[in-house]
Amino acid sequence: MTHAGRSVSILGVTGSIGESTIQVIEELRAQGADVPVEAVTAGQNLKVLVEACRRLKPRFAAVSDPTQLAAAREALAGLPVEVGAGPSALEEAGARPSDWVMSAIVGAAGLAPTMAAVRRGALVALANKECLVCAGPLFIEAARAHGATLLPVDSEHNAIFQVLTHPERVEKLTLTASGGPFRTATREAMARATPDEACKHPRWSMGRKISVDSATLMNKGLELIEASYLFGFPSEKIDILIHPESTVHSFVHYVDGSVLAQLASPDMRVPISYTLAWPDRAAVSAGRLDLAKVGALNFESPDLSRFPALDLCRNALQRNAAATTALSAANEVAVDAFLESRIGFLDICRIVEEAMTVLEEGDAGLIAKSPSSFAEVVAVDQAARAAAQRIAANLAAA
Ligand code: NAD
Ligand code: MG
């Protein structure tokens with residue numbers, strides 16, 4: 001089936017990926033395509049949710065905070081949309097019948113609603129990398145068991161997906177990284193960096209959490225884990241390469257020496273439309289690549305000493321799936337603390353590293369083996385958050 005007539009739901013409609021997804025749908029509708037919208041979800045921002053509902057005309061809208069139900073009902077009163085609030089409403093949004101679900105809630109908060117879509121065998125466009133990093137092999141296994149199709153939206157993974165013609169003949173993958181706003185900054189400058197400086201990404205305009213992750217290169221480390229779980233390659237077969245122009249979105253190296261890549265201007269509407277139209281392609285006007293204007297494409301190795309997040313992620317991936325669950329949870333806590341100016345920029349990786357040590361040495365041996373159930377995933381996630389909170393509070397008090 002092509003995108004014509006495909007019904008959709010958008011988890012995280014009020015975010016940056018949510019907005020790009022709305023724009024793709026609006027463009028397809030303007031071309032005459034019928035794109036019925038089943039459900040949308042939002043975190044806090046009711047104003048943006050109302051606007052999204054005006055544009056998309058969904059049947060169901062959910063907000064994450066259960067105490068916001070009355071306010072959401074009132075805000076959406078003029079529109080023909082059912083309204084829900086709280087965790088069960090977010091899950092209902094994923095569970096309602098739609099052909100395609102955009103998973104674009106940020107963080108592990110996206111896991112339960114995305115799993116609701118996975119369990120009914122939907123086409124799941126996966127922007128939220130944290131839910132894959134959090135639940136790892138269990139998430140992949142659930143998709144297989146329920147016949148869900150995972151379509152990667154993250155630009156690097158979308159690029160690999162597009163050129164992964166012979167998965168069994170792959171020598172290695174190379175994930176490209178822009179290098180973020182501190183690619184050439186000194187450690188001293190990084191130590192003083194403010195949240196606004198860290199969020200000023202040179203190539204992409206994104207939500208604040210992923211922007212900070214791009215500045216620490218934690219984003220690339222999470223993407224290393226994401227690629228390993230999604231495509232089934234071990235850490236040793238996945239390289240990371242800094243590419244400041246963000247034009248080549250990743251490479252697949254084959255055993256015969258051929259290297260395939262996907263290129264596009266850095267505009268998320270390109271991978272989003274790819275997943276919506278898959279296996280067809282849709283005509284969208286976004287992101288035309290002008291290589292004469294780009295001029296030169298540069299590549300360099302990442303500086304592992306200024307960006308310790310890369311080794312933290314590689315080590316966690318090599319350890320087991322509990323370690324990747326814990327790492328992502330600790331990072332969410334650390335990024336929040338940095339965005340609220342409670343800790344410095346360099347403290348983010350320090351907190352993640354210390355939290356991993358606490359869990360490794362802790363009495364319950366929580367990250368001694370991969371979780372065998374989603375309940376175990378949640379237990380590891382919560383323990384890592386608690387450890388990271390304690391470490392962040394100590395750093396803030398020092
Ligand atoms: P964003 O912060 O702009 O939007 C996040 C969305 O999630 C919003 O709709 C917000 O209301 C909702 N949300 C936040 N906390 C929530 C909670 N606790 N419960 C329910 N909903 C909640 O983020 P974004 O940049 O759109 O990124 C979304 C996801 O896509 C992230 O996982 C990110 O890593 C991934 N991603 C984003 C980009 C990009 O270019 N923005 C690229 C690749 C991958
Ligand atoms: Mg990416």
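The values are calculated or read from the model by the stated rules, or taken from the named source; none is laboratory data. Bear in mind the structure is a predicted one, so any value in this text is a computation, not a measurement. As a convention, Cβ positions derive from the backbone with ideal geometry for all residues, glycine included, and neighbour counts pool all protein chains shown. Side chains included, ligands, DNA and RNA excluded: accessible areas come from the protein's heavy atoms. Shrake-Rupley method; radii C 1.70, N 1.55, O 1.52, S 1.80 Å.
Note down the net charge around T41, summing +1 for each Lys or Arg and -1 for each Asp or Glu among other residues with Cβ under 12 Å from its Cβ.
Around T41, the charge tally is -3.
Packing-wise, with mean Cβ within 10 Å as the measure, how do 88-94, 342-348 rank, highest first?
Packing order, densest peptide first, comes out as 88-94, 342-348.
Okay, which of the stretch 248-279 sit inside 15 Å, backbone N to the point 7 Å along the Cα-Cβ direction of E171?
251-261
Determine the per residue accessible area of the stretch 320-397 with all protein chains present and a 1.4 angstrom probe, expressed in square angstrom.
Counting only protein heavy atoms, the per-residue value for the stretch 320-397 is 42 Å².
Give me the net charge of A215's neighbourhood, meaning all other residues with Cβ under 14 Å from the Cβ of A215; Lys, Arg count +1, Asp, Glu -1.
Details: positive: R183, R187, R192, K200, R203, R208, K209, K220, R306; negative: D196, E197, D213, D303, D347.
Combined, the nearby Lys, Arg, Asp and Glu give +4.
What does the accessible area per residue of the stretch 71-153 come to in Å², with a 1.4 Å probe and no ligands, DNA or RNA counted?
Details: 2840 Å² over 83 residues.
Using a 1.4 Å probe on heavy atoms only, each residue of the stretch 71-153 averages 34 Å².
So what is the relative contact order for the chain, in percent, with contacts set as C-alpha pairs under 8 Å and at least six apart?
15 percent.
Based on the alpha-carbon gyration tensor of the stretch 97-191 and its eigenvalue square roots a ≥ b ≥ c, which shape applies: rounded if a/c is under 1.5, prolate if not and a/b is larger than b/c, or oblate?
oblate
Could you identify which residue out of A277, A39, A108 has the top mean-square fluctuation in a GNM of the chain using Cα springs shorter than 10 Å?
A277
Per 0.36 nm of contour for each residue apart, how much would the distance between L164 and E188 grow if the chain were fully extended, relative to their Cα-Cα spacing? Walk me through the intermediate numbers first.
On the way: separation 24, 0.36 × 24 = 8.64 nm, distance 4.08 nm.
Result for the pair: 4.6 nm of gain on full extension.
What's the FRET efficiency of R144 with W204 using the Cβ-Cβ distance as r and R₀ = 30 Å, to the nearest 0.05?
That gives a FRET efficiency of 0.45.
Restricting to Cα pairs below 8 Å that are 6+ residues apart, what does the relative contact order work out to for the stretch 8-153? Please round to a whole percent.
Reported as a whole number, the value is 22 percent.
Roughly what % of Cα-Cα distances in the chain sit above 26 Å, to the whole percent?
53
Sequence neighbours fewer than 8 away in the same chain don't count; with that in mind, list the lysines whose C-alpha is under 22 Å from K47.
K57, K209
How many percent of the accessible area of the stretch 276-383 is carbon or sulfur, using a 1.4 Å probe?
50
Given a cut-off of under 8 Å on Cα pairs at least six residues apart, what relative contact order in percent is computed for the stretch 1-73? Walk me through the intermediate numbers first.
Working: 98 pairs, mean separation 23.7, N = 73.
Relative contact order, the stretch 1-73: 32 percent.
What does the C-alpha gyration tensor say about the overall shape of the stretch 8-153? Classify as rounded when a/c is under 1.5, otherwise prolate if a/b is larger than b/c, or oblate.
Taking the square roots of the gyration eigenvalues as a ≥ b ≥ c, the stretch 8-153 is oblate.
Among the aspartates and glutamates, which have Cα under 17 Å from the Cα of K220 when same-chain residues fewer than 8 positions away are ignored?
E130, D154, E156, E236, D239, E245, E300, D303, D311, E332, E353
So which aspartates and glutamates pass the test for K237, namely a Cα distance under 14 Å, with those fewer than 8 places away in the same chain ruled out?
Those aspartates and glutamates meeting the cut-off are E168, E171, E223, E226.
Within the stretch 8-153, what whole-number % of the accessible surface is contributed by carbon and sulfur, with the 1.4 Å probe and all protein chains included in the calculation?
54
Suppose R0 equals 30 Å; then what is the FRET efficiency for A30 and S258 from their Cβ-Cβ distance, rounded to the nearest 0.05?
Here the calculated transfer efficiency is 0.20.
With label points built 7 Å along Cα→Cβ from the Cα atoms of E197 and L79, find their separation and express it in nm.
Taking the two extended label points, one gets 3.9 nm.
Suppose R0 equals 41 Å. What FRET efficiency, 1/(1 + (r/R0)^6) with r the Cβ-Cβ distance, do S341 and V294 give to the nearest 0.05?
Efficiency, from the Cβ-Cβ distance: 0.70.
On a C-alpha basis, how far is the centre of the stretch 258-336 from the centre of the stretch 74-112 in Å? Whole number, if you could?
So the separation of the two Cα centres works out to 26 Å.
Net charge within 14 Å of H243 by Cβ-Cβ distance, Lys/Arg positive one each and Asp/Glu negative one each, not counting H243 itself?
-2
Please work out the C-alpha center-to-center distance from the stretch 351-398 to the stretch 122-189 and express it in whole Å.
If you average the Cα positions of each part, the centres end up 24 Å apart.
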